[in-house]
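Where a number appears in this text, it was derived from the coordinates with a stated rule and is not lab data. A quick note: this is a predicted structure, and the numbers were derived from the prediction, not measured. Cβ atoms come from the backbone with ideal geometry, glycine included; neighbour counts cover every protein chain shown.
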Amino acid sequence: RGRLLSFHRMPESLDDRASYLYEEDGGLLIENGVIAAIGDYATVKADAPEDIEEIDHRPNLILPGFIDTHIHFPQMQVIGSYAANLLEWLNTYTFPEECKFVETAHAERIAVHLFDELLRHGTTTAAAYCSVHKASADAFFAESLKRGTLMIGGKVMMDRNAPQGLLDTPETGYDETRAVIEQWHGKGRNHVAITPRFAITSTPPQMEAAAALAREFPDLHIQTHLSENGEEIRYTCELYPEAADYTDIYARYGLLREKALLGHCIHLSEREADVMSETGAVAVHCPTSNLFLGSGLMPLKKMIRRNKPVTVSVATDIGGGSSYSMLRTMDEAYKIQQLLGERLNPLESFWLMTRGNAEAIRLADSIGSLDPGTDADLVVLDARATPAMALKMEVVNSLAEELFLLQTLGDDRSIAETYVAGKAMKSTLR
Ligand code: GUN
Ligand code: FE
């Protein structure tokens, strides 16, 4: 029981009441980890079995669990590293840290922390880059299986321009990715993604190997990075002189399609954005990371509004990103759009964190809404979680204002509870 909020589609304005369901005194019935019924409390209660356990979350808001469409599992200890830009940050801090994941015990220890932090912040699904080491993917998926979460993950493929300890080869990158797919894809709620890190760290033969995997597994997600930083873009185009531009490199290897998640996409040309649109690939906006690394201001609203719209999603990009919280993430996304002269309204923000991200990764049949038949992954939000928030709530008088307050001042303290497949997780976290 609580206040229920679930989106049907992208809100077109703050007044677009038809884009979402809101129940002031709502009931949500969960059976076997799945949402069985939703509506006003009295109706759901009347139709429910008599012996159900009832949990009262009033006056808090119950939403579908947050989805983070781009995060780096081996970068939990990279967060807050002081670097001038992307390439310096990768070489100085990130690659050395990822080398440690050659130790299985280390990967297993960090995986426990990763899931604790995700769930503490109300994130129930994430698309994660593991390290180059197959054992890091094993640790990630084993932990996901334990928690019962729906996770996307991939062993990173990288065979050049990084320390020796972080390199695979075209052959081992292919073989180990295949092994991860066979071992983990479809096990529990796990999804395996083909994950060439980015064009700078893959030779053309390794990109061929990624292309072969993409052909052999047409339904899998693909993850990589695209157009994040000026220096990165110049160097990438030098490495692939035959390509028309950065986006064309991935297009040539058949890596752009639905369920291809391209991190950043900050500096795309119109031609590149057209290609993204035509192929159905997803531009993953990582606002805290883009600001932290000084990468640039991603034109999120412009991408959505184009004649040929680009599918967008939002993500933390930990450890380039600086918060696990999707609330903090959308606060920074809002500010980036402000600097670009665009408005991102709170309904759009909460749609993006939930159903928008679920649609972008093509999993809206299972997650991202409170629709009956979908998995009961939920977040319970407390807009009075801190003294400052409670004070501001005294003058808040609409749902949109409350959501905007949650986005502006909220973080893990605003997460009253997180449910994974109907199971309350907060008491299980360290
Ligand atoms: N490009 C290639 N690898 C990375 C990474 O780990 N983080 C970010 N932000 N960009 C990248
Ligand atoms: Fe990234």
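Structural remarks
- For the chain, the longest principal axis of the Cα atoms and the long axis of helix 230-239 meet at an angle of about 40 degrees.
- Net charge dipole size for the range 210-336 [Lys, Arg +1 and Asp, Glu -1 on Cβ; Debye, nearest 20]: 460 debye
- Candidates Pro218, Pro74, Pro196, ranked by Gaussian network fluctuation over the chain, Cα under 10 Å, top entry: Pro218
- Violating pairs (Cα-Cα greater than 27 angstrom) within the set Lys259/Lys302; Lys45/Lys259; Lys45/Lys187; Lys45/Lys423; Lys134/Lys335: Lys45/Lys259; Lys45/Lys187; Lys134/Lys335
- Overall form of the range 59-194 per C-alpha gyration tensor (a/c, 1.5; a/b vs b/c): oblate
- Between Ala46 and Val396, the FRET efficiency estimated from the beta carbon spacing at R0 = 25 angstrom works out to 0.20.
- Vicinal HN-Hα couplings computed from phi for the range 274-288 (Karplus, 6.51 cos²θ - 1.76 cosθ + 1.60; Hz; Gly/Pro x): 4, 5, 4, 5, 5, 8, x, 5, 10, 8, 9, 7, 10, x, 5
- The chain, relative contact order [Cα under 8 Å, separation at least 6], %: 20 percent
- Gyration tensor (alpha-carbon) shape descriptor, the range 193-285, a/c threshold 1.5: oblate
- Cα-based helix-to-principal-axis angle, 104-120 vs the chain, degrees rounded to 10: 40 degrees
- Peptides ranked, highest mean first, by Cβ atoms within 10 Å: ranges 336-343, 176-183: 176-183, 336-343
- Cβ-based charge dipole, the range 314-430, positive-most Cα from Leu403, Gly356, Thr374: Leu403
- Peptides ranked, highest mean first, by Cβ atoms within 10 Å: ranges 345-355, 145-155: 345-355, 145-155
- Tensor-based shape of the chain (alpha-carbon gyration tensor, a/c under 1.5 rounded, otherwise prolate or oblate): prolate
- Using the average count of surrounding beta-carbon atoms within 10 Å as a protection proxy, the listed peptides 222-228, 236-242 rank, highest first, as 222-228, 236-242.
- For Glu342, net neighbour charge (Lys/Arg +1, Asp/Glu -1) across residues whose Cβ lies under 12 Å away: +4
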